[in-house]
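Undergrad: Here it is: the structure, laid out below.
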Amino acid sequence: MSLISRGFGRREQRRDERLPPGQYDAGDLFPVLSAGPTPRTSLSEWDLTLQGEVDGLRRWTWEEFRDLPREAVSVDIHCVTKWSKFDTRWEGVAVDTLLAGVRTEASYVVAFCDGGYTTNLPLADVTDGRAWVVDTYDGQPLAPEHGGPVRLLVPHLYFWKSAKWLRGFALSRFDEPGFWETFGYHERGDPWLEQRYSGD
Amino acid sequence: MARAAVQRRLTWLRATVLENRPETARVHRLLLDVPGWPGHLPGQHVDLRLTAEDGYTAQRSYSVASAPEDPRLHLLVERAEGGEVSPYLTDELRPGDQLELRGPIGGYFVWSSAVDRGGGRPEGRRPVQLVAGGVGVAPFLAMLDHHRRTGGATAVRLLYSARTLQDVLARDVLGSWTTITLTRGAPADWRGLTGRIDRRVLEAQTFAPTTRPRVFACGPTSFVETVATTLVDLGHDPSSIRLERFGGSGDRS
């Protein structure tokens, strides 16, 4: 039973049904959160790789990545720091497209990034049309502070799973905690189940 | 710094408000008694949860602004006009009221004197450079007060950007290791710095990259982004720079 906060009340009379529990609408704002400085990798040095439990490494240069079949998505996103943002528009490549033809025994992936950030996900959370590697936000190239040149987009999980400055995926049969997961954040992070921290 | 795996479950605790006092025109200090508080590292934060009579709840995160050695938990709350949570906390909350809270949360943006000892590791005594914008000084107050209480040997400096002298928080904790710059006007007899923190100020007022400091920066998003980028340009190792942003909620929580 929650403690009632004397004199506290909601500001909006109707709660938006798109808001998961404990979240609020950030409106036009797009807050930036990251643990370290924004990395700057030139596109000539950039690549994206699939490694680990795969039948051979896959690697795409920037040009090769840009030539892959693209999708445009409009989704709601939810940050564990409590803000949500509706109808965000992205373009990029479905993770399904990257995994097409890959034979693997893996059940998990670790997304790894410039700057050393990692996050872990069940493979099932990034396949079947549920995740993208995006390079465009709201019609513009993805800004470095928002994860450019590319970030992962997994809108059905808290946004720390949508790793910025993505450089690839390591597939594995085992679940290994990523950066924030090591510090006590939830292994999966479903906003509708309010899985913010370990044990939630 | 060793990664402390914090895997125990975070449960909601009931905090009692001991004091709610204005610290500046816009920032209040909440002093909380939290039975069952498991202790924290300087730099960690808590989640507060408010519940309305109709069951509606709102949650926000606040850095702990007090040292682990202080039996009371201090939070600094900046009042955001039109916000749902912060005006309630600053204007409505009275001593004796209860709040739900859980934590401590976060294990990356932390520093404590225990890092100094570090089993004789050579990196144990790296200097610590703190850079704060506005109420972003909150986690550093926990670090500085902890540092003072434990008499640590680590060299620590804080570069602190505030709007005016009246906006400077917690002067009793800042001490001689703090350099303040005022961005929106200074008194006639002000002998400190004025203007925003830029490359020149960072070069002159922070530990040089050659001393391999651990750097922590906290403040509004644009402030932190600028400081971090400039420090990297000056030659600091990106992996030595840790960031925390206030107003990540868009300055209106």
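Undergrad: May I ask for the Kirkwood hydrodynamic radius of chain B, worked out over all distinct Cα pairs and given in angstroms to one decimal?
TA: Values: mean 1/r = 0.0531 Å⁻¹.
Answer for chain B: a Kirkwood hydrodynamic radius of 18.8 Å.
Undergrad: Sequence gap at least 6, Cα distance under 8 Å: using those rules, report the relative contact order of chain B to the nearest whole percent. Don't skip to the end; give the middle numbers.
TA: Numbers: 520 pairs, mean separation 47.2, N = 253.
RCO, chain B: 19 percent.
Undergrad: Lys/Arg Cβ at +1, Asp/Glu Cβ at -1, dipole of the protein assembly as shown taken about the Cα centre: which of A:Thr81, B:Gly106, A:Pro149 is farthest positive-ward?
TA: Farthest towards the positive pole: B:Gly106.
Undergrad: Which of B:Ser240, B:Ser176, B:Ser66 moves the most in a Gaussian network model of chain B with Cα springs under 10 Å?
TA: Sorting by GNM fluctuation, first place goes to B:Ser176.
Undergrad: For the range B:206-222, in order, what is each residue's ³J(HN,Hα) by Karplus, 6.51 cos²θ - 1.76 cosθ + 1.60 with θ = phi - 60°, in whole Hz (x at glycine and Pro)?
TA: 10, 4, 5, x, 5, 8, 6, x, 7, 10, 10, 10, 9, x, x, 3, 5
Undergrad: Now, a different point. Which three extents, in whole angstrom, do the alpha-carbon atoms of the range B:30-99 cover along their principal axes, largest first?
TA: Reported extents, whole Å, longest axis first: 36, 24, 20.
Undergrad: Same structure again: Heavy atoms only, 1.4 Å probe, whole protein assembly: order B:Tyr56, A:Tyr158, A:Tyr137 by accessible area, highest first. Kindly include the intermediate steps, with their values, before the conclusion.
TA: On the way: B:Tyr56 25, A:Tyr158 0, A:Tyr137 45 Å².
Accessible-area ranking of B:Tyr56, A:Tyr158, A:Tyr137, largest first: A:Tyr137, B:Tyr56, A:Tyr158.
Undergrad: Based on DSSP, what percent of beta bridges with both residues in the protein assembly as shown are antiparallel, to the nearest 5? Please report the intermediate quantities before stating the final value.
TA: Details: 61 of 91 bridges.
If I count the DSSP bridges inside the protein assembly as shown, around 65 percent turn out antiparallel.
Undergrad: Something else: Given a 1.4 Å probe, how much area per residue of the protein assembly as shown is accessible, in Å²?
TA: Details: 19360 Å² over 453 residues.
Averaged over the residues of the protein assembly as shown, the accessible area is 43 Å².
Undergrad: Let me ask something additional. If each residue of separation counts as 0.36 nm, what is the full-extension length gain between A:Thr49 and A:Val75 once their alpha-carbon separation is subtracted? Don't jump to the answer; show the numbers that get you there.
TA: On the way: separation 26, 0.36 × 26 = 9.36 nm, distance 2.55 nm.
So the chain would gain 6.8 nm between A:Thr49 and A:Val75.
Undergrad: How large is Rg over Rh for the protein assembly as shown, taking Rg from the Cα atoms and Rh as the Kirkwood inverse mean of 1/r across Cα pairs? Can you show the working numbers first?
TA: Details: Rg = 22.3 Å, Rh = 23.1 Å.
Radius of gyration over Kirkwood radius for the protein assembly as shown works out to 0.97.
Undergrad: Same structure again: Report the charge-dipole magnitude of the range B:13-105 in Debye, nearest 20, computed about the Cα centre from +1 at each Lys and Arg Cβ and -1 at each Asp and Glu Cβ.
TA: Values: 10 positive and 15 negative charges, 42 e Å.
With Lys and Arg at +1 and Asp and Glu at -1, about 200 debye.
Undergrad: Hey, another quick one. Enumerate the amide H contacts of A:Gly52 below 5 Å, restricted to partners 5 or more residues apart or on another chain; note that Pro and chain-start residues carry no placed amide H.
TA: Under 5 Å from the amide H of A:Gly52 lie the amide H atoms of A:Leu171, each far enough along the sequence or on another chain.
Undergrad: Roughly what % of Cα-Cα distances in the range B:48-153 sit above 21 Å, to the whole percent? Walk me through the numbers on the way to the answer.
TA: Details: 2593 of 5565 pairs.
Result for the distance tail: 47 percent.
Undergrad: Using a cut-off of 12 Å between alpha-carbon atoms, which aspartates and glutamates can reach A:Lys161, once sequence neighbours fewer than 8 places away in the same chain are excluded?
TA: Leaving aside aspartates and glutamates fewer than 8 places away in the same chain, those within reach of A:Lys161 are A:Asp125, A:Glu181, A:Glu187, A:Asp190.
Undergrad: Right, something else. Can you pull the percent of chain B's accessible area that's carbon plus sulfur, 1.4 Å probe, other chains left in place? Intermediate results must be reported in sequence, preceding the final value.
TA: Values: 5070 of 10570 Å².
Its accessible area is 48 percent carbon and sulfur atoms.
Undergrad: With the alpha-carbon atoms as the only input, what is the per residue convex hull volume for the range A:1-105 in Å³? Could you put the intermediate results ahead of the total?
TA: Working: hull volume 22.7 nm³, N = 105.
Spelled out: Cα convex hull of the range A:1-105, divided by residues, is 216 Å³.
Undergrad: Positive end of the dipole of the range B:1-96, charges at C-beta (+1 Lys, Arg; -1 Asp, Glu), about the Cα centre: which of B:Pro38, B:Leu73, B:Gly96 has its Cα farthest in that direction?
TA: The listed residue farthest towards the positive side: B:Pro38.
Undergrad: List the residues of the range B:71-110 that lose 50 Å² or more of accessible area once all protein chains are present, compared with their chain alone (1.4 Å probe, heavy atoms only, no ligands or nucleic acids).
TA: Buried by the other chains: B:Glu84, B:Tyr88, B:Arg102, B:Tyr108.
Undergrad: Using a Gaussian network model of chain A whose springs link C-alpha atoms within less than 10 Å, name the residue from A:Arg18, A:Arg167, A:Arg151 with the highest mean-square fluctuation.
TA: A:Arg18
Undergrad: Run the dipole for the protein assembly as shown about the Cα centre, Lys and Arg Cβ at +1, Asp and Glu Cβ at -1, nothing else charged, and hand back the magnitude in debye, nearest 20.
TA: On the way: 55 positive and 59 negative charges, 299 e Å.
Approximately 1440 debye in magnitude.
Undergrad: Rounded to the nearest 100 Å², what's the accessible area chains A and B bury against each other, both chains counted, probe 1.4 Å? Each step should come with its number before you reach the end.
TA: Numbers: alone 11010 and 12580 Å², together 19360 Å².
Buried surface at the A/B interface: approximately 4200 Å².
Undergrad: Over all directions, the average projected area of the alpha-carbon convex hull for the range B:122-253 comes to how many nm²?
TA: Values: hull surface 33.8 nm².
The directionally averaged projection comes out at 8.5 nm².
Undergrad: Extension gain A:Arg10-A:Leu29, at 0.36 nm per residue separation less the Cα-Cα distance, in nm?
TA: On the way: separation 19, 0.36 × 19 = 6.84 nm, distance 2.03 nm.
Stretched fully, the A:Arg10-A:Leu29 segment lengthens by 4.8 nm.
Undergrad: Pick from A:Glu53, A:Glu187, A:Glu64: which is most flexible by mean-square fluctuation in a GNM of chain A where alpha carbon atoms under 10 Å apart are linked?
TA: In the Gaussian network model the winner is A:Glu64.
Undergrad: Same structure again: Once you wrap a convex hull around the alpha carbon atoms of the range A:160-200, what is its projected area averaged over all directions, in nm²?
TA: Values: hull surface 13.6 nm².
Directional mean of the projected Cα hull area for the range A:160-200 stands at 3.4 nm².
Undergrad: Amide H to amide H under 5 Å from B:Leu13: which residues, 5+ apart in sequence or cross-chain, H placed 1.01 Å off N in plane?
TA: Amide H neighbours of B:Leu13, under 5 Å, 5+ apart: B:Leu101, B:Arg102.
Undergrad: Still on this model: Report the charge-dipole magnitude of chain B in Debye, nearest 20, computed about the Cα centre from +1 at each Lys and Arg Cβ and -1 at each Asp and Glu Cβ. Don't skip to the answer; put the middle values down first.
TA: Details: 32 positive and 28 negative charges, 181 e Å.
Value, rounded to 20: 880 debye.
Undergrad: Note the angle between two axes, namely the Cα long axis of helix B:138-150 and the longest principal axis of the Cα atoms of chain B, as a number of degrees from 0 to 90, rounded to the nearest 10.
TA: Tilt relative to chain B: about 70 degrees.
Undergrad: So what's the Cα pair-distance distribution over the range B:186-230, bin width 5 Å, in %?
TA: 4, 17, 25, 23, 16, 9, 4, 1
The values are calculated or read from the model by the stated rules, or taken from the named source; none is laboratory data. If you're wondering where the values come from, they're calculated on a predicted model, not measured in any experiment. So basically every Cβ, Gly included, is an ideal-geometry build from the backbone, and we count neighbours across all protein chains shown. Ligands, DNA and RNA are excluded from the accessible area calculation, which covers all protein heavy atoms including side chains. Shrake-Rupley method; radii C 1.70, N 1.55, O 1.52, S 1.80 Å.
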